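Engineer: If you scroll down you'll find the structure; I have some questions about it.
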Amino acid sequence: MRQILALILALLMAAPAAAQGIPATMQGVEARKLFGAVSTGSPHRADAFGSYAKGCGAGLVQLPENGATWQAMRLSRNRNWGTPELVDYLQDLSKDAARLPGWNGIYVGDMSQPRGGPMSSGHASHQIGLDADIWMLPGTDLRLSRNARENLSSISLRRGNGAYVNGNWTAQHMELLKAAASDRRVARIFLFPGAKAWMCDNATGDRRWLRKIRPWWGHHYHFHVRLSCPRGMKGCVDQAPPPPGDGCDEARKWVSDIVNPPPPDPNAPAPTPRRQLTMEDLPRQCVTVLQSR
């Protein structure tokens, strides 16, 4: 009898996570397919589970398609969802934008899906309702039709593969980024290196907000805002804070590496393809988030 009990215990301990609370219909299925098939938020109190690139969101709310100082873009994607904190933040930022010369507000790109989770395309993050993309195109016309929002494109601000800004860059872009980063709800903002370096060379006064602007590949048609985990969301996993300082030396190093790329390391391992996440990879709460009606 003791041997049988020991065998059962060993089997339970060795069982994959799929056998521990994940329905058979979800086991081994790419999470992006499951989350992408849901068109509405879950009937829960707002909560974020997991990390920005491995999680989901309960009780997410939809940014209204139209506002006095914003418009949600690419509505067919149904990615204008987030925590109430993110929606409030975007509405506040849009008012800051409306006070800038040449801007009447902002165009908001991808936020999260109705229940967060991995997306079928475009992002590894944006999974817990705390990320949003803000277009670089000034929001001048805030009466765009749904069709126009599917076809209008943002503008690129980069030159030299991201080492420098181009002629589309304006002082108003820096002011908008300063307002975006100065909000204490923000954890970091991702932006192409040349823009960060330009702001490092030209920003005056209090420069503490520059710390939150982090250089990253792409991010020249939009900038990516990431909020910190809101208070009380205990299942939410914050990203480590940016290093101390304004980060300008790091941005200049990025620029230097773009202009004069270092020689390839012959001993560097070959990159491995990114594996698509399954429900087994996500917090267990995400099963409930998906199943609720």
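Engineer: Can you give the calculated 222 nm mean residue ellipticity of the chain, where each DSSP H run of n ≥ 4 adds -39,500 (n - 2.57) and the sum is split over every residue, rounded to the nearest 500 deg cm²/dmol?
Structural biologist: Helices in the chain give a 222 nm mean residue ellipticity of -8000 deg cm²/dmol.
Engineer: Given R₀ = 25 Å, what would the calculated FRET efficiency be for S182 paired with Q239, taking r from the Cβ atoms and rounding to 0.05?
Structural biologist: 0.85
Engineer: For percent of Cα pairs over 34 Å apart, the choices are (i) 32; (ii) 16; (iii) 28; which was calculated from the structure?
Structural biologist: Here the calculated entry is (iii).
Engineer: Who wins for biggest fluctuation among T170, T40, T278 in a Gaussian network model of the chain, springs between alpha carbons below 10 Å?
Structural biologist: Of the options given, T170 has the highest mean-square fluctuation.
Engineer: List the residues, sorted by chain then number, that are 5 or more residues from H222 or on another chain and whose placed amide H is less than 5 Å from its amide H.
Structural biologist: Amide H neighbours of H222: M136.
Engineer: Out of the DSSP beta bridges found with both residues in the chain, what percent are antiparallel (nearest 5)?
Structural biologist: Antiparallel bridges: around 75 percent, rounded to the nearest 5.
Engineer: Okay, moving on. Work out the length of the dipole vector of the range 24-258 about its Cα centre, built from +1 on the beta-carbon of each Lys and Arg and -1 on the beta-carbon of each Asp and Glu, and round it to the nearest 20 debye.
Structural biologist: Dipole size: approximately 220 debye.
Engineer: Taking K178 as the anchor, which aspartates and glutamates have their alpha carbon closer than 16 Å to its alpha carbon, excluding any fewer than eight residues away along the same chain?
Structural biologist: Within the straight-line cut-off, K178 pairs with D92, D96, D133, D201, D206, D246.
Engineer: To make sure I understand the rule: partners must be lysines, Cα under 28 Å from the Cα of K234, and not fewer than 8 residues away in the same chain. Which ones qualify?
Structural biologist: K33, K54, K212
Engineer: Taking the beta-carbon count within 10 Å as an exposure proxy, list R252, R79 from fewest neighbours to most.
Structural biologist: Lowest to highest Cβ neighbour count: R252, R79.
Engineer: In addition: Which trypsin sites (Lys or Arg not before Pro) in the range 138-223 sit in a loop by DSSP (not H, G, I, E or B) and have at most 11 other Cβ atoms within 10 Å of their own Cβ?
Structural biologist: R143, R184
Engineer: For the pair R143/S76, report the inter-label distance in nm, with labels modelled 7 Å from Cα in the Cβ direction.
Structural biologist: 2.5 nm
A short reminder: the numbers here are calculations on the coordinates, not readings from a lab. The model shown is predicted, which means the values in this text are computed figures rather than measured ones. Glycine also receives a Cβ, built like all others from the backbone with ideal geometry; neighbour counts cover every protein chain displayed.
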